[in-house]
Amino acid sequence: MIKGLIFDLDGTLLNTINDIGQSVNEMLEDYGYKTHSMDEYRLMVGHGFKDLIYKALPSGTSEQKQLEGLEKFLYYYNLNYLNSSHPYEGIKELLENLQTSGFLLGVNSNKREDYTISLLDVYLKEISFKKVVGQKDQPKKPDPLGARQIMEAMGLKEDEVVYVGDSKTDILTAKNANMTSIGVLWGFRGEKELVASGADYLAAKPSDILDIIKRG
């Protein structure tokens, strides 16, 4: 019986791509480099800020320049990250319904933990998450450590928790943690990647998640 749900943040709960992409582009413009479209950034995000900057900068950029670019990006992102990010349609209603129904909720993100917590405090402040894990000094997803930390905070077992995300990284995290996975189709990646990664279920809209776990 499902008693808890762990959610990815970017591309699952919140649409953050424009604020992320704009901040990277401002960094690139400082160097006179070519910028990228928001659709291109959809394929770059998901593995943390350092990896994002490595992908956005021109091939062959030195490690020193990458680190410098990361600092520039963080400067701009700190200014931009609340500009246009927002919950996907139906997410607040889903989380409120789950919370009212007694399900325990958590968030596991490869976004830096301070930003993860801040975004949740601003956009989903009505929701009580049992534990939030973001990027810090521990392995990133798809390593299952963060998911297991949330599960332990919930006091639940692997077969009592569903993992929800929009990317291959999330589906692999669920597999590595021995949890059932739900891939969401409104996020950054899309159905093809989720199916190829072996998602147990697919959700076309947030309310589908409640239907899936009640059937299970």
| remark: Given (1) part of a helix (DSSP H, G or I); (2) modelled with pLDDT under 95, G21 misses just (2)
| task | Scan (1) without any contact (Cβ under 8 Å) to a residue 60 or more places away in the chain; (2) farther than 23 Å from D114 by Cβ; (3) assigned to a helix (DSSP H, G or I) for the single condition H36 breaks and write down its number. | result | (3)
| Any helices (runs of 4 or more DSSP H) falling wholly within segment 152-216 and containing at least 2 residues that are touching a helix residue (DSSP H, G or I) at 6+ places or on another chain (Cβ under 7 Å) and more than 27 Å from G21 (Cβ to Cβ) | 206-215
| Scanning for something hydrophobic (A, V, I, L, M, F, W, C) and out of contact with any helix residue (DSSP H, G or I) (no Cβ under 8 Å at 6 or more places or on another chain), does segment 94-113 turn up at least one residue? | yes
| said: Looking at L79, L9, L74, L94, can you tell me which residue is under 25 Å from D143 (Cβ atoms), hydrophobic (A, V, I, L, M, F, W, C) and out of contact with any Gly (no Cβ under 9 Å at 6 or more places or on another chain)? | reply: L74
| request: Those residues that are farther than 16 Å from K141 by Cβ, surrounded by fewer than 19 Cβ atoms within 10 Å (Cβ to Cβ) and not polar (S, T, N, Q), I need them from segment 43-69; list them, please. | output: L43, Y54, K55, P58, G60, E63, K65, L67, E68
| query | Can you name the number of the only condition in (1) part of a helix (DSSP H, G or I); (2) surrounded by fewer than 16 Cβ atoms within 10 Å (Cβ to Cβ); (3) in the same structural domain as V132 (by TED's automatic domain parsing) that G102 fails? | reply | (1)
| field | For L67: the one exception among (1) assigned to a helix (DSSP H, G or I); (2) touching a Leu at 6+ places or on another chain (Cβ under 9 Å); (3) outside the structural domain of V162 (by TED's automatic domain parsing); (4) not β-branched (V, I, T) | value | (2)
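The values are calculated or read from the model by the stated rules, or taken from the named source; none is laboratory data. Computed from a predicted structure; not experimentally measured. Counting neighbours? That spans all protein chains shown, and the Cβs are built from the backbone with ideal geometry, glycine included.
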